[in-house]
Structure formats: C-alpha cells, structure tokens
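Reading through the structure tokens given below for one structure.
The values are calculated or read from the model by the stated rules, or taken from the named source; none is laboratory data. These figures come from a predicted structure and were not determined experimentally. Here the Cβ positions follow ideal geometry from the backbone for every residue, glycine too, while neighbour counts run over all protein chains shown. The protein model used for the area step is the full one, side chains on, heavy atoms only, and it has no ligands, DNA or RNA in it. Shrake-Rupley method; radii C 1.70, N 1.55, O 1.52, S 1.80 Å.
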Amino acid sequence: MKRMTTAVITALIALLVHGIAAAAPSHVEWSARIENKTAEKGTLIITANIESGWHIYGVDMPDMGDEPGVPDATSIEVEPAAGLVMTSVTTTDSKPTVHFDEFLNLNLPWLQGTVELKRDFELSDGVKGVNIKGYVKFMACNDNSCTPPAKYEFSLDFGDMSAAPAEKAEPVAATPTPQRDATPALSATNAWWEPVSVETSTTAQSYWSILLFGFLGGLVALMTPCVWPMIPMTVSFFLKKNKSRRRSIADAVIYSASIIIIFLVLGILLTVIFGPGKLNEIATGAVFNIIFFILLVVFAISFFGAFDLSLPSSWSTAIDNKAENTTGLLSIFFMAFTLVLVSFSCTGPIIGTLLVEAFSQQNLLGPLLGMGGFALGLALPFGLFAFFPSMLKGLPHSGGWLNTVKVVLGFIELILSLKFLSVADLAYGWRILDREVFIALWIVLFVLLGMYLLGKLRFSHDSPMEHTPVGRFFLALGSFAFAVYLVPGLWGAPLKAISAFAPPLYTQDFNLYGGEFQKFHDYDEGMAYAAAHNKPVLVDFSGYACVNCRKMEGAVFDTPTVRGIIEQDYVMIVLMVDDKKELAEPMVVTEDGKTKTLTTVGERWSYLQYHKFGISSQPYYILLDNEGKPLSAPRVYDENVGAFTAWLEEGIETYKQR
C-alpha cells in the first residue's frame with residue numbers, strides 16, 4: 001500500500017510545470033453516450049476502459065477533513081445550459097474495491113476494468129433539445145506511478161443521440177505538488193506555483209558586502225609570506241625601469257590596473273564557461289567542498305612548516321624573465337602576472353573562500369565584485385608605494401614576524417576548512433559534523449592558537465621567545481576569550497557571532513536552550529497547512545552554503561520579537577536550494593527557453609524561486625497569502641530587526657484585509 005501512496009503523490013510532480021512538461025498517457029479509454037428514458041429525461045453515461053494494472057478513484061470518497069494530499073473523487077462535470085437540469089452526483093453500477101492507504105490513514109475506493117459513470121438529467125418545460133457539454137475529472141494510477149489529474153471532454157446532443165467523437169484526455173491545469181520528506185503529494189490549489197509580480201528586491205547590501213569582503217581579502221593577502229617580499233621587488237622594478245618619477249608613477253598605476261584586470265578576467269571566465277548557476281551548484285556540492293576542505297588543510301600544514309607549497313619555480317621565473325626582457329605595457333603586464341603566480345599558494349584559499357559567497361548570487365555581478373574587490377585590495381598598496389617610495393623605509397623586513405603570520409594563517413585556514421566540510425555534510429545529510437562537534441573543534445583550535453601566540457606551542461621553524469610581545473598577548477587573550485564564548489554552544493546556546501559558519505541548531509543532539517520553532521521544509525505541505533489554519537506564510541529561500549542566511553537566522557530570526565511573531569501569526573517554510581537529496585522522480589521543466597531535468601530537492605526549490613518570483617539569490621524572504629500571492633515586497637539580507645518586525649506586521653494586516 002505504501003508503494004501505491006508513493007505512486008499517487010509522485011505523479012503530481014508534473015503538475016508543478018503545467019504547460020511545460022509533456023502530457024502523460026491517461027491509460028484510460030473514454031466514450032460517452034446518452035440513454036433515453038423519455039422525451040424529457042435521460043441518463044448521461046461515460047464509459048471508461050481502464051488499462052490492466054491501473055485504476056481510477058471511486059465516485060464516493062471518504063470524509064477527508066483538512067487532510068492535504070488526498071486525491072479527488074472521479075466525477076462528471078457538466079456546463080450549465082438553458083433548460084438542462086442535472087442530478088448533483090455522479091453514480092456508477094461498478095462496485096469499487098477498497099484499499100487502505102497507510103500514508104493518509106484512509107480507505108480509498110478503486111475502480112478497475114470497464115466502468116460506467118452516470119448522471120441523470122431532465123429538460124425543463126418547453127425545451128425540446130439541448131447540447132450537453134462537460135468533462136470527466138479523473139486520475140489513473142498503478143502500483144508505481146500515477147498520471148497527472150486529467151479530464152475527458154465530451155459534447156452530446158440530446159434529441160438526435162449523436163455524440164461528438166471521443167477526445168483524448170488532457171491534463172488538468174497544474175496543481176502544486178506537496179511533499180512529505182521530499183516525496184511529491186497532491187495539493188490544494190495551483191496558485192501556489194503560479195508566477196507572481198513582485199517588486200524587484202535589491203541585493204545591494206549583499207553586493208557591497210562581497211565587494212568589501214574581497215577588498216579585505218586582498219589586504220590580508222598582502223600580509224602573506226608569498227606576497228610581502230614582492231612589494232620592494234616590484235616597486236624597485238619600476239624605479240629602475242624609468243628615471244622619470246612621473247613615468248614611474250604612471251607605470252605603477254598601470255601595474256595595479258593589470259592586477260585588477262587579471263583577476264576580473266579570471267572571474268568572468270569562470271562564470272561564462274560554467275555559468276553562475278552551475279558555479280553555485282559546484283560550490284555547494286560535496287566534491288567541491290571536500291576538495292576545498294582538503295586543500296585548506298594541506299595549506300595549513302604547509303604554513304605550520306611541514307613542507308613548502310608553491311608553484312613550479314620555472315613558471316614564475318619564465319614570466320619574470322619575460323617582464324625583464326620586454327618593454328612598455330607588456331613588461332608591466334608580465335610583472336603583474338608574476339605577482340599572481342607567485343602569490344597563488346597564499347591567495348588561493350582566500351580567493352576560493354571569497355568566490356563561494358560570490359557564486360551564491362548566481363549572476364555575473366557577484367564574481368566580478370568579489371574578484372574586483374580582492375584585486376583592488378591587493379593592487380592598491382603597490383600604487384601607493386610607487387607614489388610615496390619613502391613609505392618602503394618604514395616597512396618591516398621579512399623575518400620571524402612573517403613566520404608568525406604564516407602559522408596564524410594556518411590556524412585560520414583549519415578553522416575555515418570546517419565550514420566547507422559542514423556544507424557538504426548538511427547538503428547530503430551525512431550528519432558527521434553536527435553542531436556540537438563543529439563547535440568542539442573550533443574551541444580546541446582557538447585554544448591552540450592562543451597557546452601558540454603565547455609561545456607555549458612551537459613549530460619546527462619557530463624560535464624560542466624570551467618574552468611575550470604585547471601585541472601577541474592581546475591576540476592570545478582574544479583567542480582564549482573566544483574559545484570560552486563558544487563553550488555554551490556545546491549545550492545549544494545560539495552563539496550569534498558564529499551563526500554564519502556553524503551548522504544549524506537542528507543538528508544539535510543535546511540542547512538545554514530549547515529547540516527551533518516549527519518550520520516546514522516543503523513548500524506545498526506548508527502552504528496546505530497554512531490554508532487549513534488560516535495563517536499567512538513566510539517563505540525563506542535559503543541554502544546550506546549561504547553565509548548571509550546563517551547571519552539572518554542568528555541576528556534576526558532568533559530574536560524574541562521576530563521569533564514570537566512568526567510562532568504566533570505565521571507558517572514558516574524554509575527551502576534549501578542546495579539540498580542534494582534525490583527527488584522521488586525527476587522533474588522535466590523549461591526555464592529561459594531551455595528544457596532541463598531536476599533531480600534533487602534543492603533544484604526543485606531553486607526552480608520554484610526563479611519560476612514564481614523571478615530571482616535566484618539567497619537569502620530571499622517573501623510573505624504569501626493562502627493563494628500564493630505576495631502580501632508585501634520581498635526582503636533580502638538585512639540585519640535590521642526593527643525593519644524586519646515592521647515588515648512581518650505589515651504582512652499580517654494585509655492578510656486580514658484580503
């Protein structure tokens with residue numbers, strides 16, 4: 001019986017994309033006739049020849065109450081016509097077989113073989129004849145699958161007894177497909193999936209954060225052991241190249257611009273070759289995240305002094321020789337390319353971390369801003385040093401301090417590496433890095449970092465410290481304090497400071513602080529629940545790899561005010577667009593004129609977001625009524641609790657007025 005239930009609910013996948021997916025065969029042959037009783041009375045008879053192994057549902061269905069996901073009874077629907085009086089119910093002489101549905105906890109009647117459906121009618125006084133036009137509403141299923149709800153249309157003249165040629169059954173207008181644990185089910189209304197017109201919400205703050213993050217990443221890269229020694233070398237290159245100070249400054253500006261162009265071209269190539277949506281898919285996939293996790297661990301081990309990791313010297317030497325032997329703009333470009341190659345082993349992890357967030361925007365602008373910001377942060381100092389060469393005299397030379405920077409970066413890369421492993425763990429539901437495990441590892445790493453800064457932990461290339469510098473002491477103090485701050489998280493404390501990185505609270509096995517409020521993770525199931533309980537809906541398009549989504553959860557949704565409003569007045573639906581769980585059956589859809597097959601739950605929700613609202617970035621919040629229509633303009637990443645609260649209250653008032 002469970003297989004039957006799965007079959008019923010699976011078929012409705014096609015309803016999500018009515019007019020997009022091709023119509024499935026009905027597995028039922030229909031014919032229509034009229035049986036004459038008197039000149040004014042008759043019986044409309046629809047005959048169904050049902051394919052062996054298939055069934056349709058009976059004309060009398062049990063009381064379903066508010067239970068979503070229940071199939072409709074088979075029925076004859078007749079269009080009103082002057083002088084035509086139809087009986088209100090459809091009948092059949094065929095006795096249905098009763099099958100118990102474990103999923104719905106209901107006995108459902110099945111009709112199999114050859115079945116006749118009937119509706120009696122009569123004509124009003126004075127009416128001599130009438131055209132009886134309508135359709136049969138039905139759905140056919142077997143033990144493994146179902147067709148979409150369909151209709152057989154008929155048109156019969158009462159009087160001459162002639163029937164129009166039987167027509168093939170066509171799918172009824174699409175109805176959304178609720179799911180329980182990612183299994184498609186029946187739904188209540190097609191409006192839930194229909195595209196709607198919403199105000200275009202801006203992601204300016206998110207874009208600014210990507211640009212700022214990229215710029216800060218470029219400044220951090222400047223302090224790495226790979227890039228720092230390049231500063232005096234490159235500036236002296238320009239001073240030697242031209243005796244004219246004015247020309248030297250111009251060359252330095254061109255050099256900085258070349259660095260920016262190289263990184264921008266890299267961002268464009270990645271996006272154009274793979275496409276922003278594909279890059280986001282790659283960035284949230286297990287393979288990418290595990291590879292990046294391993295890459296960061298390897299870089300960290302290298303920074304700890306186990307081995308030196310760098311590109312082949314022949315590459316950078318060849319490019320450097322090109323820069324020396326060429327003239328004009330080409331030599332400057334080769335010098336910029338040398339910097340990019342030499343700095344790879346230190347900047348690669350920073351760029352990779354940056355691009356994961358940039359690709360989540362699923363458009364060209366995100367990667368461009370990220371790479372542009374990084375290149376600007378890395379290139380700007382070189383221009384400043386060229387303008388003010390005397391600044392070089394005040395810079396510390398490479399030495400022990402730079403080794404300390406390497407080790408600290410090694411710890412940071414180990415800490416960040418867990419984020420990538422967590423993304424893969426969440427997307428595929430492995431549960432090997434639950435929240436308390438993640439936090440425990442961070443506590444240990446921050447304690448070890450503090451010990452290193454105090455000189456209590458040394459690596460092979462570290463020298464003993466006779467005293468602790470004041471700067472290192474305060475850094476160690478901050479590291480130990482942060483480790484202590486993390487400790488309550490082992491028992492479920494919110495820890496808003498790391499909400500962007502830590503796994504969600506629902507992965508916490510032991511929680512003394514109370515669980516999360518009720519959320520639906522299936523759009524149609526949540527919409528059906530909201531309709532049954534007369535509540536508006538808050539839809540949260542999120543992602544396991546979405547950093548800003550975690551920030552919003554910690555800074556906004558976990559506040560008492562917002563939490564209270566949602567618990568009392570809303571039904572919240574959280575849809576993870578990078579959920580890698582397989583759909584019960586693939587969905588074939590058309591998007592931007594291209595046909596593609598959706599195979600995962602995340603792809604389904606990503607399609608819903610773009611199909612219904614015309615946007616693909618996360619986080620994305622929208623308030624809906626019970627017909628799937630917006631109650632207000634959507635919201636994106638914004639940690640202003642007051643504004644978010646006002647938005648929720650506005651949605652409640654709009655809902656009450658409809």
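Among the candidates E639, E650, which residue alone is out of contact with any Cys (no Cβ under 9 Å at 6 or more places or on another chain), outside any helix (DSSP H, G or I) and surrounded by fewer than 19 Cβ atoms within 10 Å (Cβ to Cβ)? Within the list E639, E650, the selection yields E639. For the structure I just gave you, tell me whether V601 is open to solvent by less than 30 Å² (accessible area, probe 1.4 Å) and farther than 18 Å from W192 by Cβ. Criteria not met by V601. The set of residues from segment 571-589 being open to solvent by 10 Å² or more (accessible area, probe 1.4 Å) and either β-branched (V, I, T) or out of contact with any Ser or Thr (no Cβ under 9 Å at 6 or more places or on another chain) (or both) comprises V577, V588. Among residues of segment 47-59 that are of a type in the set (G, A, S), those with a beta-carbon under 8 Å from a residue that is in a loop (DSSP other than H, G, I, E, B) at least six positions away or on a different chain give the pairs G53/N142; G53/D143; G58/A73; G58/T74; G58/P96. The set of residues in segment 604-636 being aliphatic (A, V, I, L, M), under 20 Å from C546 (Cα atoms) and open to solvent by less than 10 Å² (accessible area, probe 1.4 Å) consists of L608, I622.
Scanning segment 398-453 for residues that are closer than 26 Å to F510 by Cβ and β-branched (V, I, T) yields I415, V423, I432, V437, I439, I443, V444, V447.
Restricting G554, G543 to residues that are in contact with a Cys (Cβ under 9 Å, 6 or more places away or on another chain) and either touching a residue at least 40 places away in the same chain (Cβ under 8 Å) or small (G, A, S) (or both) narrows the list to G543.
For first residues located in segment 481-501 and touching a residue at least 12 places away in the same chain (Cβ under 8 Å) and at positive phi, partners that are surrounded by 15 or more Cβ atoms within 10 Å (Cβ to Cβ) and not in a helix (DSSP H, G or I) and lie 6+ apart or on another chain with Cβ distances below 7 Å form the pairs G492/Q508; G492/N511; L495/A502. Can you name the residue in segment 458-498 that is assigned to a loop (DSSP other than H, G, I, E, B) and of a type in the set (S, T, Y) and, of all such residues, is nearest to E553 (Cα to Cα)? Only one residue tops the list, namely T468.
A single member of F557, F510 is open to solvent by 20 Å² or more (accessible area, probe 1.4 Å) and at pLDDT below 90, and it is F510.
Can we say A73 is surrounded by 15 or more Cβ atoms within 10 Å (Cβ to Cβ) and at pLDDT 85 or above? No.
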